[in-house]
Each structure stands twice: as C-alpha cells, then as structure tokens.
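Following: one structure in structure tokens, then a few remarks.
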Amino acid sequence: QYKITLCFLFLFLSCNTNIDYIDYNSVGGIWHKDSIQYFNFELDSKENLSYKSFINLRIDEKYTFNNIFLIVSLEDSSNILSIDTLEYKLADKYGNFTGNKRINIVENSLLHKENISLVNKKKYYVSIQHAMRLINKVGGIDNLNGVIDVGYKVEKIESPQDNLKGPIF
C-alpha cells in the first residue's frame with residue numbers, strides 16, 4: 001500500500017502544468033474603489049511562449065451585481081503594454097452566479113488576454129481596480145461588497161505538439 005501511494009504521489013507531482021504564475025490578494029469582503037490590487041511576476045521558461053492571462057475573482061452572496069467592470073493595466077519595467085476597461089458577466093439572466101461554486105464562495109476565472117507574448121526573465125506588473133457605478137450616479141461605488149479575493153493568473157498556451165506528448169514523467 002505504501003508503494004502504491006508513493007507511485008500516485010510521484011505521478012501527481014510530476015505532471016506538467018500550464019500555469020506559470022498565480023497569486024491572490026484578499027480584500028476581505030469589501031473592495032474599496034481606491035484599493036488597487038497589484039501583482040508582480042517574472043516568467044521562468046526555457047523559451048519564449050505565448051500566454052493567456054486571467055483575472056480570478058472570488059465572490060460571495062453579498063455581491064449584488066450580475067457583472068463587474070475592471071480597469072486592468074499590464075506593464076513591464078519600461079512600457080505600459082495595455083490598459084483595459086473590461087466588463088465581465090458574473091451571473092446569468094436569472095441572477096444565478098456563474099463560475100465554480102464552493103459552498104458560499106463563487107470563483108470566476110475571467111479571461112484578460114487571450115494570446116500575448118511575454119519575454120522570460122522580464123518583470124511584469126499588473127494593477128486591477130474595480131470601476132463599478134450605480135445607474136444614473138456620477139461617482140463610482142466606494143465599497144464593493146461581496147468580493148473576497150482578487151487574483152491574477154498566467155498560463156502557457158499549448159501548441160498542437162504539446163497535446164501529443166502527454167504527461168512528462
């Protein structure tokens with residue numbers, strides 16, 4: 001039994017994953033409009049590849065909207081690569097949250113960039129802030145209730161040859 005467990009552990013730890021960076025910041029259930037979430041990363045791969053990036057949000061039942069507006073900036077050490085104002089749907093037309101539900105928390109992995117080239121050994125900086133407003137109100141919402149964590153994830157885009165290789169043991 002010990003040998004079987006050891007084999008499964010070896011197989012689990014040796015499987016190749018596409019995630020090159022993932023991190024979360026806790027906002028404690030209330031995300032203030034001036035509380036910009038920062039993420040810094042550097043990729044460490046043997047070759048320059050194409051990547052997808054995601055904004056990960058964990059929300060709970062206190063989140064009262066069916067969408068979210070975010071301002072996302074991606075920079076390297078010398079250039080602003082992109083600044084986007086993005087809208088994401090977090091609930092269907094019936095008000096049911098989409099995403100992965102775990103007890104009372106829903107996790108959404110929202111596509112930020114679909115096919116970006118990032119250079120290895122270069123530092124990147126991401127900032128994310130919410131830009132939510134009430135209808136017919138000029139100023140933004142000061143405190144956005146129901147947001148637990150804000151995260152950022154970068155993963156490799158698989159090439160067709162990667163699908164033929166299978167797991168690396």
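The values are calculated or read from the model by the stated rules, or taken from the named source; none is laboratory data. Just so it is clear, the structure is predicted and the values come from calculations on it, not from any experiment. Glycine also receives a Cβ, built like all others from the backbone with ideal geometry; neighbour counts cover every protein chain displayed. Surface areas here come from the heavy atoms of the whole protein model, side chains and all, with no ligands, DNA or RNA. Shrake-Rupley method; radii C 1.70, N 1.55, O 1.52, S 1.80 Å.
For residue 36, the accessible surface of its heavy atoms amounts to roughly 60 Å² (probe 1.4 Å, protein chains only, rounded to the nearest 10).
Legend: distances between Cα atoms for 101/121; 52/93; 62/123; 46/113; 89/121; pairs beyond 31 Å are 101/121; 62/123; 89/121.
Extending 7 Å from the Cα toward the beta-carbon at both residue 102 and residue 25 defines two label points whose distance is 2.1 nm. Simple spin-label estimate for residue 52 and residue 79 gives 2.5 nm between the two label positions (7 Å along the Cα-to-Cβ direction from each Cα). For region 47-169, the Cβ-based charge dipole about the Cα centre amounts to some 80 debye (Lys, Arg positive; Asp, Glu negative; other atoms uncharged). Annotation note: trypsin sites (Lys or Arg not before Pro) in region 31-84 located in DSSP loop regions with a Cβ neighbour count of at most 15 within 10 Å are 46, 62.
The mean sequence distance of close C-alpha pairs (under 8 Å, at least 6 residues apart), as a share of the length of region 45-169, puts its relative contact order at 41 percent. Surface composition of region 57-169: carbon and sulfur make up 51 percent of the accessible area, probe 1.4 Å.
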